[in-house]
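The values are calculated or read from the model by the stated rules, or taken from the named source; none is laboratory data. Everything numeric in this text was worked out from a predicted model, so none of it was measured. When we count neighbours, we look across all protein chains shown, and the Cβ atoms used for this are built from the backbone with ideal geometry, even at glycine.
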Amino acid sequence: MSADADFDFRIGIVGPTRVGKTSLIASILKDSQRLLEGTPVKIGPHGLKTERRIAQHHKELEGSLRAGEFHPGAVSGTEEPFTFELHLDPGVDAAGIRLSLLDYPGGWIDANRRPVEREEEWKVCKRWMTESTVLIVPVESAIIMEAASGRHKRAVPSILNTYEVAQVTREWAKDRASRPHEPALLLFCPVKCESYFADHGGLRDTSAELFSAVRDHYHEVLQAVRGEAPQVKVLYSPVDTIGCVEIIKATWRDEKAEPGGFVFSADYRVRPPGRQAVKGADAVLVSLCRHLVEAQKRAEAVVADDKESEAAVAKRFAEKDEGFLGNFWLWASRRRKRRRETAEARHTEAFAQRRIVENLDETIARLAARDLGPRVREM
């Protein structure tokens, strides 16, 4: 890699339909400038398609909230695969980082619901997730927390497709284990957490119960990662994707054709003044930036080592003793001078590349100093 081209990283998102994959991405991007205040890092959409998709999602959500109501179905779901293209500028004299996040119809993860004619597309999606540097598992908090009866609790694994999530995650962990020099980060991101935290206008604090429930339901996912790639860093980072809503009623409707035999829905109250106020996305974003800038630094350090080796070879060649006649000829033909100029140029390049590594180190230190808050935990 060199400063002439962006570093490319894939980020996989694995979860069932309507779990909030698009909402999570939009939440992270919406406040990215505010979230990275005090650091030189910037992140934003790369390309018109991503910019339009984020704007569309924001308008649909804002319209729903301005009407004084919130229905998850008011925000359109993903019907076709879509790649969010983002650009992360580490704020130093170095290449940027291209981030690609693949969103796809969540129903495809379930073999019983996946259309036969979309099988090849699903294989492409799985390959994308397997080869991703970072894997994000969004979790719909309400489904876990509002399952009160035994029948509802039994339905949760089917609705959240925890078995299928574990299989995809295991393949991802196997791939990470085969690339020990590359970064590996797994993020559990419960979404729509507004009703379970009291730190953002909520009426109750059941955050401990939410963490325990996520750890319990995704126990097989954690086991798969620890068994296949113990070097993977696993973070729990819950997000209030809306921020100004509160569940007032949860409904479980019997529907035999649906996963688990139920369709879950919830009625929400919109807290005044009815404006989206994301919380927790900063921890996800800073974790991603910290992780990917560290990966960039490693790659830039390899380039710096190579350039320093080239500079050392060029210097030895420039000062090589070739005997009285040879040295005289090198001087008379000005070749000695040209060799020394080449060696000096190689030294300058190596010095500049090492400065990039040092600057990235400083950026990482500043990101590491950011407090991720009490919500975030290592798993």
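Here are the numbers for the structure shown:
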{"item": "Filter pass, Leu292 being surrounded by 12 or more Cβ atoms within 10 Å (Cβ to Cβ), within 30 Å of Pro45 (Cβ to Cβ) and in contact with a Leu (Cβ under 6 Å, 6 or more places away or on another chain)", "result": "no"}
{"item": "Ser100 vs. criteria in contact (Cβ under 8 Å) with a residue 24 or more places away in the chain, touching a Lys or Arg at 6+ places or on another chain (Cβ under 6 Å) and assigned to a loop (DSSP other than H, G, I, E, B)", "result": "no"}
{"item": "Condition met for Ala173 (in contact with a helix residue (DSSP H, G or I) (Cβ under 8 Å, 6 or more places away or on another chain), more than 27 Å from Glu258 (Cα to Cα), at pLDDT 90 or above and not charged (D, E, K, R))", "result": "yes"}
{"item": "Matching residues in the stretch 109-118 - criterion: being without any contact (Cβ under 8 Å) to a residue 60 or more places away in the chain and either charged (D, E, K, R) or assigned to a helix (DSSP H, G or I) (or both)", "result": "Arg114, Val116, Glu117, Arg118"}
{"item": "Lone qualifier among Arg336, Arg377 - being modelled with pLDDT of 90 or more and within 27 Å of Leu185 (Cα to Cα)", "result": "Arg377"}
{"item": "Every pair of residues 6+ apart whose Cβ atoms lie under 9 Å, when the first sits in the stretch 291-302 and is under 22 Å from Ile136 (Cα atoms) while the second is of a type in the set (Val, Ile, Thr) and assigned to a helix (DSSP H, G or I)", "result": "Val293/Thr363; Val293/Ile364; Glu294/Ile364"}
{"item": "Exclusive hit being at pLDDT 90 or above, of a type outside the set (Phe, Trp, Tyr), assigned by TED's automatic domain parsing to the domain that holds Ala257 and under 30 Å from Ala301 (Cα atoms), set Leu135, Leu88, Leu160, Leu99", "result": "Leu135"}
{"item": "Checklist (1) at pLDDT below 90; (2) polar (S, T, N, Q); (3) surrounded by fewer than 18 Cβ atoms within 10 Å (Cβ to Cβ) applied to Thr363, failing item", "result": "(3)"}
{"item": "Helices (runs of 4 or more DSSP H) wholly inside the stretch 119-173 that include at least 3 residues being among the charged types (D, E, K, R)", "result": "119-130, 150-160"}
{"item": "Positions within the stretch 35-66 being exposed (fewer than 14 other Cβ atoms within 10 Å of the Cβ), assigned to a helix (DSSP H, G or I), charged (D, E, K, R) and free of Cβ contacts under 8 Å to residues at least 12 places away in the same chain, in sequence order", "result": "Arg52, Lys59"}
{"item": "Qualifying residue in the stretch 177-194 (condition: among the charged types (D, E, K, R), more than 16 Å from the chain's Cα centre (by Cα) and either under 28 Å from Gln276 (Cβ atoms) or not assigned by TED's automatic domain parsing to the domain that holds Glu79 (or both))", "result": "yes"}
{"item": "Residue satisfying condition, being in contact with a Gly (Cβ under 7 Å, 6 or more places away or on another chain), more than 29 Å from Cys289 (Cβ to Cβ) and surrounded by fewer than 16 Cβ atoms within 10 Å (Cβ to Cβ), within set Asp267, Asp254", "result": "Asp254"}
{"item": "The lone exception for Phe211 - which of (1) touching a Pro at 6+ places or on another chain (Cβ under 9 Å); (2) crowded, with 23+ Cβ neighbours inside 10 Å it fails", "result": "(2)"}
{"item": "In the stretch 19-52, residue nearest to Val156 (Cα to Cα) [restricted to those that are basic (Lys, Arg) and modelled with pLDDT of 70 or more]", "result": "Lys21"}
{"item": "Where a residue in the stretch 13-34 is more than 19 Å from Tyr218 (Cβ to Cβ) and its partner, wherever it lies, is at pLDDT 75 or above and polar (S, T, N, Q), with Cβ under 9 Å and at least six apart", "result": "Ser23/Thr241; Ala26/Thr241; Ser27/Thr241; Ser27/Gln276; Leu29/Thr50; Lys30/Gln276"}
{"item": "Count of the stretch 264-287 residues which are in contact with a helix residue (DSSP H, G or I) (Cβ under 8 Å, 6 or more places away or on another chain) and part of a helix (DSSP H, G or I)", "result": "5"}
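Per-residue answers, yes or no, for (1) assigned to a strand (DSSP E or B); (2) not β-branched (Val, Ile, Thr):
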| position | (1), (2) |
| --- | --- |
| Leu186 | yes, yes |
| Cys189 | yes, yes |
| Ser195 | no, yes |
| Asp199 | no, yes |
| Val214 | no, no |
